[in-house]
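The values are calculated or read from the model by the stated rules, or taken from the named source; none is laboratory data. Quick caveat, the model's predicted, so the values are computed rather than measured. No Cβ is skipped: glycine too gets one built from the backbone with ideal geometry, and neighbour counts run over all protein chains shown.
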Amino acid sequence: MESVSVRQRKGTVMSTKPPTSRDIQAQESRRKIFETAVELFDRKGYDNVSIAEICEKAGFSAGAFYYYFESKEQVLAERYLPFALASDAFFKEILGRAQKENKSSVDQLAAFINTFLEYMNDVGVDALKTAYRLQIGPGFKASPGTAALLKPHDIVEKIVEEGQKAGEIRTDMSAAEITESLYSCVVGVLYSWCLPNMSFDLREAGRKCFELVLEGLRKR
């Protein structure tokens, strides 16, 4: 069985035993490295911070960093993992309100997309750049955080299906095909946001784009 300190290193402490002084010290060391890295990312930008700089400011060796984290990407993913894991419940709450107001399926999709863009705006462009870079890199294996940032959403397909049944959304494409198309549009907007020298308001650009896209979904 793994010791508590090893589980802490992996970021998944599960022991019900009271922590020892050594466990508490390990948790504090990991927390200090994590918070130092996040502070540097926020101040200088993710790509402008090295592991050596994190270690120097936190007062730890590179070996200590790699004991607790596999890479800078893991630190960033852990920072935004709470956002990603909470997103499903958040989106369902938004859609629940839209349904209570008897909004059409197209309006529900608009509410979902607008909320998602707000969410991505809060996550930030640095986290999104890293998620894209990891996604296309060799040997990529998505963490829960990065996987949740970049995936077609089941809620969208369900809304489309309901809209098709209600005669509100076109039926010449399947709900899955429409969801994939919407997802591709979202990825395109987000990717443009990540490009160098591209300065625009993500929420406003997304709203304009999806007004056109969603209008094309209405059944004629």
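Across region 155-188, the qualifying residues are those that are outside any loop (DSSP other than H, G, I, E, B) and touching a residue at least 60 places away in the same chain (Cβ under 8 Å), and the one among them that is nearest to Leu109 (Cα to Cα) is Ile159. Considering only residues in region 169-217 that are in contact with an Asp or Glu (Cβ under 7 Å, 6 or more places away or on another chain) and surrounded by fewer than 17 Cβ atoms within 10 Å (Cβ to Cβ), the one that is nearest to Tyr119 (Cα to Cα) turns out to be Arg203.
Condition check ((1) at pLDDT 85 or above; (2) buried (at least 16 other Cβ atoms within 10 Å of the Cβ); (3) in the same structural domain as Asp154 (by TED's automatic domain parsing)) across all residues:
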| residue | (1), (2), (3) |
| --- | --- |
| Met14 | no, no, no |
| Pro19 | no, no, no |
| Ile33 | yes, yes, no |
| Asn48 | yes, no, no |
| Phe60 | yes, yes, no |
| Phe83 | no, yes, yes |
| Phe91 | no, yes, yes |
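Among the residues making up region 24-54, those that are more than 23 Å from the chain's Cα centre (by Cα) and among the charged types (D, E, K, R) are Glu28, Lys32, Glu53.
Here Glu157 meets the list (1) modelled with pLDDT of 90 or more; (2) closer than 24 Å to Glu93 by Cβ almost entirely, failing just condition (1). The residue that is surrounded by the fewest Cβ atoms within 10 Å (Cβ to Cβ), counting only those in region 110-129 that are under 13 Å from the mean Cα position of the chain (by Cα) and aromatic (Phe, Trp, Tyr), is Tyr119.
If you go through region 98-109, how many residues are more than 23 Å from the chain's Cα centre (by Cα) and either surrounded by fewer than 17 Cβ atoms within 10 Å (Cβ to Cβ) or of a type outside the set (A, V, I, L, M, F, W, C) (or both)? Result for region 98-109: 8.
Modelled with pLDDT under 90 and in contact with a helix residue (DSSP H, G or I) (Cβ under 6 Å, 6 or more places away or on another chain): does that describe Asp126? In short, yes.
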